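Undergrad: Mind having a look at this structure? Questions to follow.
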Amino acid sequence: MAQIIKLNPEELKVLRTVDERMVSYNVEMTEVTGGTFWSAYTEAQVDGTEEFLPPDPRDMGNLHQWYDPIDTTNPRLLKLAKDLGPAWIRVSGTWANKTYYDFEDKYPAGTAPEGYQNVLKKHQWDNLLNFVKAVGGKLQISFANCEGNHHAEEPWDVAQCKLIMDYSRDFGVPVEAVEFTNEPNILAYTGLPEGYTTKHFGRDHDIMAKFIRENYPDVLIVGPCCVGEVPIGPGDEVSGGDMYEMISTDDMLEHTTEKLDVFCYHYYNGVSERGAAMGNNHWDFSQILSEKYLGKVSEHTRYYCPLRDKHVPGGQIWVTEAGDAGCGGNTWASTYADVPRTLNELGSFSYATDGIIFHNTLASSDYGYLKHGTFLPRPNYFAVKLWNTLMGTTVYDCGEEIREGAHVYCHSRKDGKEGCVYLVINNSDETTTVELPKEAIVYALTGNGKFRSRTMLLNGRELALGENDELPALTGVAAEGKVEVAPAGCTFIVL
């Protein structure tokens, strides 16, 4: 049934104020050092004209390919990252769990110390630090926790931690937040030492936290960085297939005594076609506007907010990895088809709590804001750019029940003027009508001729870079009386 929404700004109730850096992103360690990451889809698979047939996920070599380091000095990358606005930049990922910081160039290319998988060179880290500085970012990292650093029965060695913390500080771009280990609740699957347990994690987490607090007292301790505790697929059960067991947040923190400053977890809407064999976690393309699919973000916040209140009372929640789907994103992740999910994620999260969402990633794999290699912006880039341009930090309860065809969120105006900004996401196949109380400025986002389009329209005009990589003007159009939101459309309404 077609929905009718009547906007009543006089009845808005303030819920909270959210962080100005809520929209943040990852630059994975494998992007900095070069390394294996999820294999790219073909152009026909992205368009949906060629089926992707996933190989056996136990043979990861069939799912990954080698990528050289991204060029963090690239002018287009720097410009587009800066234009997104202030953000936290997280350098982590499974690759970081086994990365050795080789700042004295002891190891030739393609080699690493025993027990490590790869090395981070000094010039690579210099470039990353310069990137963070150039875009006005704040830096978060995680540390290696593997056989190269220590065995399970031995305490974690702080030497590499000290090296990168001191070097970054002395460079003038200090690390401002740290996670101990990426996704530690999957244990051996993420490269932790053989035989590692939650007891070992508690011991080593406390070693790290005490060292940071004694030597870098302004740095935030973020954790525990768990994943997979809430069902992410169309089924109603948590499933990692028969590949790994997921340990709960409470169990991971059972043996820790050092308190966290920020609570964090990872959240994806299912797994991509690449990992479809890993349990019942993959969504068919036909399901991605469904209430159940879009409701996954709310399920996660409802699950994790009480855990935040228990372990970090009064603290923020950081979703330190988020995106279309685990295993590098679905075939449609780089198209307009993922924009309703992305904007709904931001609206739903800010309605529920204060914190940061780190999109995975800025410029790699199929869910990156920018295309790997060329750094050309994808539809999601322009969607979050528009969010950051229009949506202020005050969040309102607009009194609209979330329902098919009417996912409605409301914030203050980013320009500081009196009034508010509504976001209406129409996840139905019928037109949604919005009745306006007065004249408004409207920013209507739709696919370019089809839902699964590689570019996006703003008020009917294609969004693409101009000469010298100039961003297109993100201008609205005046409207009064009513606004019609197209099926699968996302419309910002400024009052």
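Undergrad: Quickly run through the stretch 188-204 and pick out the residues that are part of a helix (DSSP H, G or I) and more than 16 Å from SER248 (Cα to Cα).
TA: The answer is ARG203, ASP204.
Undergrad: Please determine whether any residue of the stretch 216-237 is part of a helix (DSSP H, G or I) and either surrounded by fewer than 24 Cβ atoms within 10 Å (Cβ to Cβ) or free of Cβ contacts under 8 Å to residues at least 60 places away in the same chain (or both).
TA: No - not one qualifying residue is present in the stretch 216-237.
Undergrad: What is the residue count in the stretch 249-304 for residues that are at pLDDT 95 or above, over 27 Å from VAL424 (Cβ atoms) and of a type outside the set (Ser, Thr, Tyr)?
TA: 14
Undergrad: With ALA177, ALA209 as the choices, which residue is more than 18 Å from the chain's Cα centre (by Cα) and under 19 Å from PHE143 (Cα atoms)? Please lay out each step first, then the result.
TA: Working: ALA177 fails: more than 18 Å from the chain's Cα centre (by Cα).
So the residue among ALA177, ALA209 that is more than 18 Å from the chain's Cα centre (by Cα) and under 19 Å from PHE143 (Cα atoms) is ALA209.
Undergrad: Given the criterion in contact with a Lys or Arg (Cβ under 7 Å, 6 or more places away or on another chain) and either among the small types (Gly, Ala, Ser) or on the phi > 0 side of the Ramachandran plot (or both), identify the matching residue among GLY392, GLY405, GLY355, GLY373.
TA: GLY392
Undergrad: Let me ask something additional. Cβ contacts < 8 Å: first residue outside the structural domain of SER365 (by TED's automatic domain parsing), restricted to the stretch 28-42; second residue at pLDDT below 90 and surrounded by fewer than 22 Cβ atoms within 10 Å (Cβ to Cβ), any location; separation 6+ or different chain. Result?
TA: none
Undergrad: Being among the hydrophobic types (A, V, I, L, M, F, W, C), under 22 Å from GLY191 (Cα atoms), at pLDDT 95 or above and assigned to a loop (DSSP other than H, G, I, E, B) is the filter here, so list the residues in the stretch 99-135 that pass it.
TA: Of everything in the stretch 99-135, just one residue is among the hydrophobic types (A, V, I, L, M, F, W, C), under 22 Å from GLY191 (Cα atoms), at pLDDT 95 or above and assigned to a loop (DSSP other than H, G, I, E, B), namely ALA112.
Undergrad: Scan the strands (runs of 3 or more DSSP E) fully inside the stretch 1-93 and keep the ones with 2 or more residues being modelled with pLDDT under 90.
TA: 35-38, 64-67
Undergrad: Considering the stretch 136-174 alone, what residues qualify as being assigned to a loop (DSSP other than H, G, I, E, B), within 24 Å of ALA81 (Cα to Cα) and within 23 Å of the chain's Cα centre (by Cα)?
TA: Of all residues in the stretch 136-174, those assigned to a loop (DSSP other than H, G, I, E, B) come to 136-137, 143-158, 172-174.
Applying the additional criterion that residues be within 24 Å of ALA81 (Cα to Cα) yields 136-137, 172-174.
Result: GLY136, GLY137, VAL173, PRO174.
Undergrad: Pull out all pairs, ordered by first then second residue, where Cβ-Cβ is under 9 Å, the residues are six or more apart or on different chains, the first lies in the stretch 396-408 and is in contact (Cβ under 8 Å) with a residue 24 or more places away in the chain and within 19 Å of VAL18 (Cα to Cα), and the second is among the charged types (D, E, K, R) and crowded, with 17+ Cβ neighbours inside 10 Å.
TA: VAL408/GLU400
Undergrad: Let me ask something else. Only one of (1) within 20 Å of ILE356 (Cβ to Cβ); (2) at pLDDT below 95 is not met by ILE141, so which one is it?
TA: So ILE141 meets the others, but not (2).
Undergrad: Return yes or no: is SER334 part of a strand (DSSP E or B) and either closer than 23 Å to ASP71 by Cα or assigned by TED's automatic domain parsing to the domain that holds GLY476 (or both)?
TA: Working: part of a strand (DSSP E or B): no; either closer than 23 Å to ASP71 by Cα or assigned by TED's automatic domain parsing to the domain that holds GLY476 (or both): yes.
Against the criterion (part of a strand (DSSP E or B) and either closer than 23 Å to ASP71 by Cα or assigned by TED's automatic domain parsing to the domain that holds GLY476 (or both)), SER334 does not qualify.
The values are calculated or read from the model by the stated rules, or taken from the named source; none is laboratory data. On a predicted model such as this, the values are computed, not experimentally measured, just so you know. So basically every Cβ, Gly included, is an ideal-geometry build from the backbone, and we count neighbours across all protein chains shown.
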